[in-house]
Amino acid sequence: MKQRTKLGLALVAFILAGALLWGLSSRPHSEHVAPAPVAPTEEKGAKSVRLKLHFVYDGKDHVVSREIPFTRAVARAAIEELLKGSSGPEGERTVLPPGTELRDITILDGIAYVDFSREFRDNHWGGLASEVDTIYSVVNTLGEFPTVRAVQFLLEGSPLKTIGAGAVDLAGPVKPHLITPAFYTELTARLGGPSEKALPWSAWVKGEERIALREGFPDEVFCGDLDGDGADELVLVVERRVSIWDRGARDYLKAWERKFTSSPSVLLAATREAGQVDLIVASEEGIFVFGWTSHGYVELGWHGLSNRPTDIAAGDTNGDGRAEILALFGRERPEDDRFPSGRIVIWEWNGEAYVKRREESFPFRRLLLADVDGDGRAEVLAFGQRGVTVYGWQGAAYVELGSNPAAGGVLAALLSADVNGDGREELVVRDDASPDIYVYSWEDGSFSKLWQEPPAGDTLPGWDLFSGPRAGAYPTLLAGTNAPGHYLLYRVHPEGWQELLLSGRSGEQVLALGDVDGDGTLELIFRRHQLLSNPVQWLYVGRLGSLPWPASSP
């Protein structure tokens, strides 16, 4: 009987040893996984717990040992300590975005499910390196516990794919990783952008200048030579303030500012005889025109309004060298297409002041002025749900020249620019009915489609459209995409349309194009992803270089 008991115990020990060996051999393994973690020990009667925290920054994993009052919720405590940041010889360092809160954390079958508040994504600094720092500070810290082999990130209870540049795929659990400079290089190479044709931001932007803004980031930026010195000034719209910035010898200086009682609409146009570009502002107070004189920037004219315009445009429609101001009034509902109550009011400069030239019925929703026929006068492009109708000045009145129900709409993104170098402005449309970019040319009294670009793979055109700069002898069209920091560039080549994709890594957002230094070439005015809570917001002016366009069309 004793002999049987000994044999049975030996058999059980053999089975347990085999199971242990099988479990060790079948455990998932990665050569890049951080060293085996050591869990905080819980001793009977302990008054404190020592945690091992990983603060990832500057391409390194800075491990900090921190002692806290005893708690059984050590994983939650570790994340809360990460939220406090770290301090050292290099100063205070924060790896989790400001305002981030830990909503919940659960460990199940080796996966730590960490649920953060939306600030974890919305307030993130952006950029590939910063994203890696945030993610792996959390992952490597929780990896210190033997019960955690990977971390699944949640945002207010819902799955998320990325918090910024997409450097780390958060759709599935993320395992701990050894942090080295080579790891950042590996992720950069892996993150190739939405297209194989993607060029890095540095392929086009060869130099940068920065403007520090302490009063908030601009909602809009405009460029124009307002003082006649041959270089464009920057016009910034920040909430209800409009300011003009000039590039000095060493920095950008605010030359003028005006605050309005409501959010303003801004235009730049040459409204005076000399062709000087002036600043036009429409608000609930009325329509103002400001211009540069020997006394600086002064108010040239003002007209009170009974209600705010639905849309406003400015351009030389009659060929006298001075821009008229056109204000469109109508119903507020965008579904209203041709409404009897719509009207347009036109002002012009008479040499001393702006006077109302005419007011008439105009049943449309949006305006755009463009010289589509190349006669030196801007035609009036009026948009509704049924497309565009074109009006031109015929010596005594504006006459309908033609229409096209397919070109543009009330909700489409619109741009007029000479994108093929024929001396006439084309109509560029990012349609609201389909994610395509269309280019229309005015031919025989109607707009005909010159070119159409459908979406390529996962890259969809966005709603931002810009024209310029010229690439050699060819104009260029710049369009935003659905991926932050990524822009599509097009140009017309004798062999056809060519396309390039510009890939930024820090949420770059193009705001305007202008020749701010007066050297005859355009600069790119843009921003990067920044925390709105930061007391200083940075505006960037990028100097553009030549692009490596293919020798022939794709």
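Data table
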| read-out | value |
| --- | --- |
| Which listed residue is farther than 30 Å from Thr521 by Cβ and at pLDDT below 85, from Glu144, Glu156, Glu186, Glu196 | Glu186 |
| Identity of the residue in segment 119-137, over 21 Å from Ile179 (Cβ atoms) and modelled with pLDDT of 80 or more, that ends up least open to solvent (accessible area, probe 1.4 Å) | Glu119 |
| Residue selected from segment 469-490 under the condition at pLDDT below 85 and out of contact with any Gly (no Cβ under 9 Å at 6 or more places or on another chain), by the criterion farthest from Glu426 (Cα to Cα) | Gly472 |
| Matching strands (runs of 3 or more DSSP E) fully within segment 353-462 where at least 2 residues are of a type outside the set (A, V, I, L, M, F, W, C) and either open to solvent by less than 40 Å² (accessible area, probe 1.4 Å) or touching a residue at least 12 places away in the same chain (Cβ under 8 Å) (or both) | 354-361, 379-384, 387-393, 398-404, 426-430, 437-443, 446-453 |
| Flag if Phe364 is within 29 Å of the chain's Cα centre (by Cα) and of a type in the set (Phe, Trp, Tyr) | no |
| Failed item, numbered, when Leu102 is tested on (1) under 15 Å from Phe145 (Cβ atoms); (2) at pLDDT 95 or above | (1) |
| Which listed residue is surrounded by fewer than 14 Cβ atoms within 10 Å (Cβ to Cβ) and modelled with pLDDT of 85 or more, from Gly224, Gly207, Gly228 | Gly228 |
| Filter result (open to solvent by 30 Å² or more (accessible area, probe 1.4 Å) and under 13 Å from the mean Cα position of the chain (by Cα)) within segment 483-506 | Pro484, Arg505, Ser506 |
| Any pair with Cβ under 8 angstrom, 6 or more apart, that starts in segment 286-299 at a residue that is touching a residue at least 60 places away in the same chain (Cβ under 8 Å) and farther than 20 Å from Ile346 by Cβ and ends at one that is aliphatic (A, V, I, L, M) and open to solvent by 40 Å² or more (accessible area, probe 1.4 Å) | Tyr297/Ala255 |
| Strands (runs of 3 or more DSSP E) contained in segment 46-114 and holding at least 1 residues at negative phi and more than 30 Å from the chain's Cα centre (by Cα) | 48-57, 60-69, 86-88, 102-108 |
| Segment 270-296: number of residues that are of a type in the set (Gly, Ala, Ser), open to solvent by less than 10 Å² (accessible area, probe 1.4 Å) and more than 14 Å from Glu239 (Cα to Cα) | 2 |
| Some residue of segment 382-405 being in contact with a Gly (Cβ under 8 Å, 6 or more places away or on another chain) and closer than 20 Å to Ser467 by Cα | no |
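The values are calculated or read from the model by the stated rules, or taken from the named source; none is laboratory data. Computed from a predicted model, the values in this text were never measured in an experiment. In this analysis, Cβ positions are derived from the backbone assuming ideal geometry, glycine residues included, and neighbour counts consider all displayed protein chains. These accessible areas exclude ligands, DNA and RNA; they are computed on the full protein's heavy atoms, side chains included. Shrake-Rupley method; radii C 1.70, N 1.55, O 1.52, S 1.80 Å.
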